[in-house]
Structures are given as structure tokens and as C-alpha cells.
Amino acid sequence: MLFYLFLRYESKLESSQKTPLLYPSLLQNRAFVSGLYIILLYNFTAGFFICYPYYLQQFLSWSSLESGLAVLPYGIGFFLAPILSTKFSINSLTLARTGLILLIIGTIFSAVLFLVNPTPGLFIYIGLLVAGAGHGTVMPALLKKTMTTVSIQQAGQASGIISTSIQIGSVLGGAVIGSIFFTLTDVASPPIALATALTMIGFFQIIGLGITFTYKRLINIQND
């Protein structure tokens, strides 16, 4: 109720050409808000960094160093993908979709492999490399595209809202994916729990990928 009253007050300030603390028109910008949804779901990947190292250390008895090295393929993909993606003249939205597809393929492929072999091996590391490449590709492309939907005057505030969405997505993703993983470890085998957690990360990215098609239509309408 207080947030509603706050928005009403800010709307009055904006309509009377005064400077509000928060531009309500930003939250009425459907293209911008759709971008926020995708960013929110994309950051559910934070659940991976909770479940995977825990699985390696608690269930496979790997050391913290071994577990850290096992995450490295994901990190390599995350680091290299943004650098390599700048070499191609691809539309930002297409690039973001490509990243989401890579992230979906990498997480679900790795999930299937964990069901076949509970111990990480070459193919799982390849799957994590692909997922990491998708992770690294999505964010810069999506940020660039989302920021084009707002005016120059609102760019600073839009950037702050995006940063908030990233943080909320990471926390929410860690909570949701982590809850799924730790709940399943009580009723199923650890590989099944981890595979399910990875699959759910991929599932949320599928939702985000679906939103990109609505997002494109909204941008086209806005540009018209």
C-alpha cells in the first residue's frame, strides 16, 4: 500500500514536470519491464554456484581446491564469450537469444550427464563451458538492448533498476534452485538432486527466451 501511494506521488511529480525520485513511466515502459524479467530469470544461474560446489565437496568428498577447479570451465566460458562475441556484427537481441540458448543447452546437457555419471568428466566440463559461454554472452547484449528502450534522461535510474534486478534475481535464484536441490537430497540421490537443479536453471532460461519474442515486438511498437 505504501509503495502504491509512493508511485502515485511520484507520478504527480513527473506529470507536473518536477524531478521524481523514481520515474513511474519507467515501470510503465513494457519493453523495459520485459527486459527486467529476462534479466531476473537469467540470474537464477546463481543457484549453480550454490549447488555444484556443495555437491562436489559433500557428496564426492572433493577438496575446496578441486571443487573450485571443477567450476573453472564455466568461468572460462563466461570470460571468453563476451570477448569473442564482439568480433561478430550481430544484433544485440539475437546475441542475447544465442546466449540463452547456449545456457539452456549447457545446463540441461550437463544435467543428463550427471545422471549417467555422477562424477564430473570431460563431457560435463564441455557442457559447463557451453553454459558459461551462454552466461557471458547474455548479460552485455541484454543490458545494451534494454537500455535502448529508455530516454537519455531516465538512463541513470534505469541502470540502477537493472542492477537491482540483477541482485534480486541472484538472491531469488539461489533461494529457489538451492531449495529444490537441498529438498531433493533428502528424498533422492545427490546426482538426481543436482541434475534437477541444473534442469530448473535451464527451464527458467527457456521462459526468458520466450519473453524475448514479446520483447522484440514491444521494441518494434515503441520504435514505430
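Rounded to the nearest 20 Debye, what is the dipole magnitude of the chain about its Cα centre when Lys and Arg each give +1 and Asp and Glu each give -1 at the C-beta?
Using Cβ point charges on Lys, Arg, Asp and Glu, the chain gives about 680 debye.
Within region 1-105, report the chymotrypsin sites (Phe, Trp or Tyr not before Pro) that DSSP leaves as loop and that have at most 16 other Cβ atoms within 10 Å.
PHE88
Over all pairs of distinct alpha carbons, what does the Kirkwood formula give as the hydrodynamic radius of the chain, in Å?
For the chain, inverting the mean 1/r across all distinct Cα pairs yields 18.7 Å.
When you have a sec, figure out the Kirkwood radius of region 1-54 from all distinct Cα pair distances and drop it here in Å to one decimal?
Computed over region 1-54, the radius equals 13.6 Å.
What value in Å³ per residue do you get for the convex hull of the alpha-carbon atoms in region 1-126?
Convex hull volume per residue, Cα atoms: 187 Å³.
If one takes the longest principal axis of the Cα atoms in the chain, at what angle in degrees, from 0 to 90 and to the nearest 10, does the Cα axis of helix 64-85 lie?
Here the helix axis deviates by roughly 40 degrees.
Could you give the longest part of the chain that holds none of the trypsin sites (Lys or Arg not before Pro) found in DSSP loops with at most 14 neighbouring Cβ atoms within 10 Å?
By the stated rule (loop sites, at most 14 other Cβ atoms within 10 Å), 88-224.
Which angle between 0 and 90 degrees, to the nearest 10, do you get for helix 155-187 versus the longest principal axis of the chain when only C-alpha atoms count?
Taking the Cα atoms of the chain, the angle to 155-187 is about 30 degrees.
With the calculation restricted to Cα positions, what are the radius of gyration and Dmax of region 101-224 in angstrom?
That works out to 17.4, 54 Å for Rg and Dmax.
Kindly report the accessible area of region 90-168 per residue (heavy atoms of protein chains, probe 1.4 Å, no ligands, DNA or RNA), in Å².
Ligands and nucleic acids excluded, the figure is 44 Å² per residue.
Test of understanding: what is the full-extension gain from THR183 to GLU14, defined as 0.36 nm times their sequence separation minus their Cα-Cα distance?
Length difference between fully extended and current span is 56.2 nm.
Over region 99-224, what percent of the accessible surface lies on carbon and sulfur atoms, probe 1.4 Å?
Summing carbon and sulfur atoms, their accessible area is 72 percent of the total for region 99-224.
The values are calculated or read from the model by the stated rules, or taken from the named source; none is laboratory data. The structure presented is a predicted model; accordingly, all values stated were derived computationally and were not measured. Here Cβ is always computed from backbone atoms with ideal geometry, including for glycine, and neighbour counts include all displayed protein chains. Each accessible area value is taken on the protein alone, full model and side chains, heavy atoms only, with ligands, DNA and RNA left out. Shrake-Rupley method; radii C 1.70, N 1.55, O 1.52, S 1.80 Å.
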